[in-house]
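Below is one structure, written out as structure tokens, with a few remarks after it.
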Number of protein chains: 2
Amino acid sequence: MAEHLESYINHKIVITGGLGFIGSNLAHRLIKMGDSQIILVDAMVPDCGGNYFNIHGIEDRLKVHIFDISDEDKTAELVRGAHYVFNLAGQVSHVDSMRDPHQDLRLNCASHISLLEACRKHCPEARIIYTSTRQVYGKAQYLPVDELHPLSPVDVNGINKLAAEQYHLLYNRVYGLRTVTLRLTNTYGPRQLVRHNRQGFIGWFIKQAIDGQEIKIFGDGKQRRDLSFVDDTVEAILLAGASEESEGQIFNLGAQEPICLLDLAQMLVEITGRGSVQLAPFPQERRAIDIGDFYCDYGKINRLLGWQPRTELRDGLSRTIEYYREYKEQYWS
Amino acid sequence: MAEHLESYINHKIVITGGLGFIGSNLAHRLIKMGDSQIILVDAMVPDCGGNYFNIHGIEDRLKVHIFDISDEDKTAELVRGAHYVFNLAGQVSHVDSMRDPHQDLRLNCASHISLLEACRKHCPEARIIYTSTRQVYGKAQYLPVDELHPLSPVDVNGINKLAAEQYHLLYNRVYGLRTVTLRLTNTYGPRQLVRHNRQGFIGWFIKQAIDGQEIKIFGDGKQRRDLSFVDDTVEAILLAGASEESEGQIFNLGAQEPICLLDLAQMLVEITGRGSVQLAPFPQERRAIDIGDFYCDYGKINRLLGWQPRTELRDGLSRTIEYYREYKEQYWS
């Protein structure tokens, strides 16, 4: 076992958003590593990605609580004595954040204030790992985007995630909480919500390819993005949580190399042997929050923590497609 | 009358936080200019600065509503058909924001989402002027601080005000709302809350000098700040609201020149002929959110809108002291 992972053995580990995409993949990984006390909490907000099937096969080896971490009393009990708090809860849909900005504020800001207050009072020594997003940068003013890039989010979700990561930084500086923030790029892999298209394009593209449908891309399809396979993302999260050097830091993740949406869709059609690709003009509400080319410089986490994306895109997509083909009925509706 | 001010005559003008410090000074100024339909709304949240006496002498020439702009139904009625919405409501205390981060989030984020949603639906053509704060920058990485300075707030209040200004920018870009944001520095003048020390140092220093008390300064007193007399601040707000060029923009305000806290306190002792100055070590909770030297570059608003601070500091302080001596009983408790 890699040295950094040993830190997690025999500790109390809390994962918020634990039934979601990344949270559940993290739980699977931790359980493979050995004995720990793993506790998931999830509010199971409709359409946010929580799915009981995501812990299929490991449900006997962890505890699951269903409540909103805004509930400070319950959250106090949850985190008391925790050594690690992986704070992955949140609303991730750009589109939903514009339709219901108040709900986005509750899920992405108010709940994290509650969590941080609970940690401050009940587990002040815990490592707290928060997953933010590249959306805090808005449109790229230069490429690749590093952590010093200006912050200018282009949707409500990006604004609220920015506030939430700033709370985590602040609670480190002011109260000494041991927080670290990762700005995730477009993560994909097994256990992601794919049944609607409001949580990013990748899951939706994958579902359409598997279903043999037309994958619709807005614009000319040349917009480039960096995709991160969830196993690589989880590895970064574990590295960040295990390192003292990471406290109070913000790290970008990134991909081996960016790919344009058209190439991505065509790759999915190839791998599945199904579906097709169609280019379409941007609808107004999408154009207003589109950011064009965007990919991150992950040099900082590479230098400080030794992280790098290891999964080849084609390999990651193949494994993802295999998963959804096997468990289609759990994710399609 | 200056040309830019004529835009306001015979229009429906809403001021949120209208019974507060800057809101009420703005109302006085608008009423001096001529006939308009001026409507103030204020939630009168305890300790936030709302004070009925602030509209003494003009109460018959405007309407006042007491409710929280989070109430979307009432806010819809309020803004329907408005030509100008001066959105000055908010919680401004650094210290209170750390003690009750949820309340700060409600007052500085949730309420502005409600206001912007109401404007989008019921007065999409209105000019919306939002007053943010230099706190969004955090510690100065260079001086003077211009609008391109990195955003790294050091307290919950700064984080939430940053989110709120970003909502205003976003609603301009996405929905075409005609918003502009001013990042205020340390504003002082008549009608400010001075009865406790949690809303900035100036009001508190002024009260202590008038009371003949010891003005306590944390650190060596050499930390420099830029002070803006409220008449100058109001002028900037009116200029920003009257100019099409300002839509979607963010502007710093600033001072003729910065002054260190020790010199400021000594000037107050001179003007009042009372009080004294004492230097004291920083208490822990204050040190954690102290930002050292800080003053802004107001070149952008000067170039685009012709604004500059016109009031000499000594003159502004003298007028302020005169006001509080006359109306002491309205502000002391």
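No value in this document is a laboratory result; all are computed from the given coordinates. A quick note: this is a predicted structure, and the numbers were derived from the prediction, not measured. Note that we place each Cβ from the backbone using ideal geometry, even for glycine, and neighbour counts take in every protein chain shown.
Values for this structure:
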| read-out | value |
| --- | --- |
| Average partner coverage of A:165-173, which counts Cβ from other chains inside 10 Å | 5 |
| Relative contact order %, chain B, counting alpha carbon pairs below 8 Å whose residues are six or more apart | 18 percent |
| Principal-axis tilt of helix B:111-122 within chain B, Cα atoms, nearest 10 degrees | 20 degrees |
| Amide hydrogen neighbours beyond the local backbone of A:SER228, cut-off 5 Å, H modeled | A:ASN186, A:THR187, A:TYR188 |
| nm² value of the averaged projected area, convex hull over the Cα atoms of the protein assembly as shown | 28.8 nm² |
| Computed Kirkwood radius, in angstrom, where 1/r is averaged over Cα pairs of the stretch B:84-228 | 16.6 Å |
| Karplus-derived HN-Hα couplings along the stretch A:207-218 (A = 6.51, B = -1.76, C = 1.60, θ = phi - 60°), whole Hz, x at Gly and Pro | 4, 5, 4, 4, 7, x, 9, 7, 8, 9, 10, 7 |
| Förster radius 35 Å - calculated FRET efficiency between A:ILE9 and A:LYS121, Cβ distance, rounded to 0.05 | 0.85 |
| Residues with amide H under 5 Å from that of A:VAL145, placed H, sequence gap 5 or more | A:TYR295, A:CYS296, A:ASP297 |
| Coarse-grained scattering of the stretch A:164-263 at q = 0.14, 0.15, 0.19 Å⁻¹, given as base-10 log I(q)/I(0) from a Debye sum over alpha-carbon atoms | -0.67, -0.73, -0.97 |
| The stretch A:67-152: relative contact order as a whole-number percent, Cα under 8 Å and 6+ apart | 38 percent |
| Folded to 0 to 90 degrees: helix A:21-33 orientation relative to chain A principal axis, Cα | 60 degrees |
| Dipole in debye (nearest 20) - the stretch A:167-257, about Cα centre, beta carbon charges: Lys, Arg +1; Asp, Glu -1 | 460 debye |
| With Cα atoms, 0 to 90° folded angle of helix A:261-272 axis to chain A main axis | 90 degrees |
| In order through the stretch A:323-333: 3J(HN,Hα) via Karplus (6.51 cos²θ - 1.76 cosθ + 1.60), integer Hz, x for Gly, Pro | 4, 5, 5, 6, 10, 3, 5, 7, 10, 7, 8 |
| For the stretch B:1-130: relative contact order, % (alpha-carbon pairs under 8 angstrom, 6 or more apart) | 28 percent |
| 18 Å cut-off, amide nitrogen to a point 7 angstrom out along B:HIS196 Cα→Cβ, residues in the stretch B:313-333 | B:330-333 |
| Summed residue charge, Cβ within 10 Å of A:LYS207's Cβ, Lys/Arg positive, Asp/Glu negative | +1 |
| Projected area, mean over directions - the stretch A:1-69, Cα convex hull, nm² | 4.5 nm² |
| Zone residues, the stretch B:60-102, relative to A:GLU72, backbone N less than 15 Å from point 7 Å out along Cα-to-Cβ | B:96-102 |
| Prolate/oblate/rounded call for the stretch A:1-138, Cα gyration tensor, a/c under 1.5 rounded | prolate |
| Extension gain from B:LEU143 to B:VAL95, taking 0.36 nm per residue of separation minus the Cα-Cα distance | 14.8 nm |
| For the axis carrying chain B to chain A: nearest C-beta residue of B, whole Å | B:ALA163, 2 |
| Net +/- balance of residues flanking B:HIS83 in space, Cβ distance below 11 Å, scoring K and R +1, D and E -1 | +2 |
| D_trans [Stokes-Einstein, Kirkwood Rh over alpha-carbon pairs] for chain A, 4 °C, 1.567 mPa s, µm² s⁻¹ | 65 µm²/s |
| Vicinal HN-Hα couplings computed from phi for the stretch A:238-245 (Karplus, 6.51 cos²θ - 1.76 cosθ + 1.60; Hz; Gly/Pro x) | 5, 4, 5, x, 8, 10, 5, 4 |
| Enclosed volume per residue, in Å³, of the convex hull spanned by Cα atoms of the stretch B:66-156 | 111 Å³ |
| Amide H contacts under 5 Å for A:ARG183, placed H, 5+ residues apart | A:SER132, A:PHE251, A:ASN252, A:LEU253 |
| Where N is the number of residues in the stretch B:128-196, Cα Rg divided by 2.2 N^0.38 Å | 1.23 |
| Alpha carbon centroid spacing (whole Å) that separates the stretch A:177-233 from the stretch B:115-186 | 31 Å |
